[in-house]
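The values are calculated or read from the model by the stated rules, or taken from the named source; none is laboratory data. On a predicted model such as this, the values are computed, not experimentally measured, just so you know. When we count neighbours, we look across all protein chains shown, and the Cβ atoms used for this are built from the backbone with ideal geometry, even at glycine.
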């Protein structure tokens, strides 16, 4: 088991690394084929998703698939937002980059201010040096007005909804693009991983249920779970690269060329998935 997971994690890390290397020229600040502001925002989100993907694969290697799944959920959301960001004409994409990088963080800064102010009003020693980090979050009314930039509560709510995972996937479901429509179905996996993040009864129950199985079932389910995480990490990496290349007017065939070099990895991941299905649903499959 350890050898298999280590091999999968190592090969997939190289795969997403090749995808990242292919993307680097279009993320570099010297690249002139994209609006500089859009390129900057695009690069930050692309890089962050890649780094988190690496973290997820490290956890798979260490047999920590449940924690890897939670990080993968973050990568899923980041990838969906990346596709959304880089979809549309140049002016539309620049507007979305501004919303993502400036407007939404500005609204968050106001919420941080409100929470910090509420906390400092409750403690008996608000001037104590240990609360300096909270004081750093406080804003003047002038700063708050500037961050709101003339928007009202409804405007802010609509923009935040626009950038939510559920709204973006809903938008994709209504798209004329078959590829984007398929992405809308990621909502199921996103919701299942939410149980793990929130430590609700469903999430804790999934972990508990697995450890109650016999050794053969545990092994099949664990490998199937890890295979899905690794496969997802690779798929999200391909998707971000595809969207970047397409936006830059570049051919995307290079993604298939990279993928072919890792046929063995994807074959093994597929076998693990099929084995899980056989162990989990064998009787039903025979019907």
Open item on the list: Taking the criterion of being within 30 Å of residue 224 (Cβ to Cβ) and in a loop (DSSP other than H, G, I, E, B), would at least one residue in the stretch 56-63 satisfy it?
Closed with: yes
Task: Selection count, the stretch 145-174, where residues are assigned to a loop (DSSP other than H, G, I, E, B), over 16 Å from residue 186 (Cα atoms) and under 27 Å from the mean Cα position of the chain (by Cα) - done: 0
Open item on the list: Could you go through the stretch 99-114 and let me know if any residue there is within 13 Å of residue 45 (Cα to Cα) and surrounded by 14 or more Cβ atoms within 10 Å (Cβ to Cβ).
Closed with: yes
TODO: Take the stretch 129-152 and flag every residue that is exposed (fewer than 10 other Cβ atoms within 10 Å of the Cβ) and farther than 26 Å from residue 98 by Cα.
DONE: 129, 130, 132, 133
Open item on the list: Scan the stretch 76-87 and tell me whether some residue there is more than 24 Å from residue 160 (Cα to Cα) and under 19 Å from the mean Cα position of the chain (by Cα).
Closed with: no
Open item on the list: Take residue 219 and tell me if it is out of contact with any helix residue (DSSP H, G or I) (no Cβ under 8 Å at 6 or more places or on another chain) and either under 30 Å from residue 94 (Cα atoms) or not in a helix (DSSP H, G or I) (or both).
Closed with: no
- [ ] Look at residue 216 and say whether it is more than 17 Å from residue 65 (Cα to Cα) and modelled with pLDDT of 90 or more.
- [x] no
TODO: Kindly indicate whether residue 196 is modelled with pLDDT under 90 and closer than 26 Å to residue 45 by Cα.
DONE: yes
Open item on the list: What pairs come out if I take residues in the stretch 212-241 that are farther than 20 Å from residue 1 by Cα and pair them with residues that are assigned to a loop (DSSP other than H, G, I, E, B) whose C-beta lies under 9 Å away, six or more apart or interchain?
Closed with: 234/262; 240/86; 241/252
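Quick check: is even one residue across the stretch 222-234 assigned to a helix (DSSP H, G or I), more than 21 Å from residue 189 (Cα to Cα) and in contact with a helix residue (DSSP H, G or I) (Cβ under 9 Å, 6 or more places away or on another chain)?
no
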Task: Matching residues, the stretch 14-53, being within 19 Å of residue 101 (Cα to Cα), free of Cβ contacts under 8 Å to residues at least 24 places away in the same chain, over 20 Å from the mean Cα position of the chain (by Cα) and assigned to a helix (DSSP H, G or I) - done: 36
- [ ] Sort out which residues of the stretch 87-128 are at pLDDT below 95, closer than 26 Å to residue 242 by Cα and touching a helix residue (DSSP H, G or I) at 6+ places or on another chain (Cβ under 9 Å), and write them in order of number.
- [x] 87, 88, 90
